[in-house]
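Trainee: The structure follows.
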Amino acid sequence: MKHFTLWTVLALLLVFGPARAQTAISIAQARAQAPAYGTSGASVTLRGVATNGPELGVIRYIQDGTAGIAVYSTALTANVRPGDSIVVTGTLKDYNGLLELDPVSSLTVVPATALYPLPWSLPLLMRRRPTPSNTKANW
């Protein structure tokens, strides 16, 4: 009877033991798994660089060489600063057309190990001024 109990406990530990860490995928691969509008989808682990800090509240945006995504967590994103490398695990969610990770189950920050992308300065397109030959109907 003791052997049966021991084997049962060992079998249960193997089946229900600690969860194994997911392998990080690219953000583009995660975006390809996007759920339908207003729903939640798969749980994914991503690695990226934060592009914003607390100026936008609890949401952080991360990107890698393939794409970017929003990470929403009221508790886990407080110490994330621009340039921090992040490994984050969470559920893909479509929130009003914005793909984000919410809820976030784990987030690991490696402070300031990468240079975050600087914003691009794009010139405004020149607008045509209306003239008698260039009326609203010709726009």
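The values are calculated or read from the model by the stated rules, or taken from the named source; none is laboratory data. Everything numeric here is computed off the predicted structure, so don't read it as measured data. Don't worry about glycine lacking a Cβ; one is built from the backbone with ideal geometry, like all the others, and counts go over all protein chains shown. Calculation scope for accessible area: heavy atoms of the full protein, side chains included, ligands and nucleic acids excluded. Shrake-Rupley method; radii C 1.70, N 1.55, O 1.52, S 1.80 Å.
Trainee: Just give me the residues in the stretch 77-91 being hydrophobic (A, V, I, L, M, F, W, C) and open to solvent by less than 10 Å² (accessible area, probe 1.4 Å), in sequence order.
Mentor: VAL80, ILE86, VAL88
Trainee: Still on this model: For the stretch 78-95, name all the residues that are within 11 Å of TYR61 (Cα to Cα) and of a type in the set (Val, Ile, Thr).
Mentor: The answer is VAL80, ILE86.
Trainee: Ok, one more. Go through the stretch 37-85 and give me each residue that's under 17 Å from VAL104 (Cα atoms), β-branched (Val, Ile, Thr) and in contact (Cβ under 8 Å) with a residue 40 or more places away in the chain.
Mentor: THR39, VAL44, THR45, VAL49, ILE59, ILE69
Trainee: Is at least one residue of the stretch 30-44 among the hydroxyl-bearing types (Ser, Thr, Tyr) and touching a Phe, Trp or Tyr at 6+ places or on another chain (Cβ under 6 Å)?
Mentor: Taking every residue of the stretch 30-44 in turn, none turns out to be among the hydroxyl-bearing types (Ser, Thr, Tyr) and touching a Phe, Trp or Tyr at 6+ places or on another chain (Cβ under 6 Å).
Trainee: Output the number of residues of the stretch 30-70 satisfying the condition of being out of contact with any Pro (no Cβ under 6 Å at 6 or more places or on another chain), small (Gly, Ala, Ser) and buried (at least 17 other Cβ atoms within 10 Å of the Cβ).
Mentor: Result for the stretch 30-70: 4.
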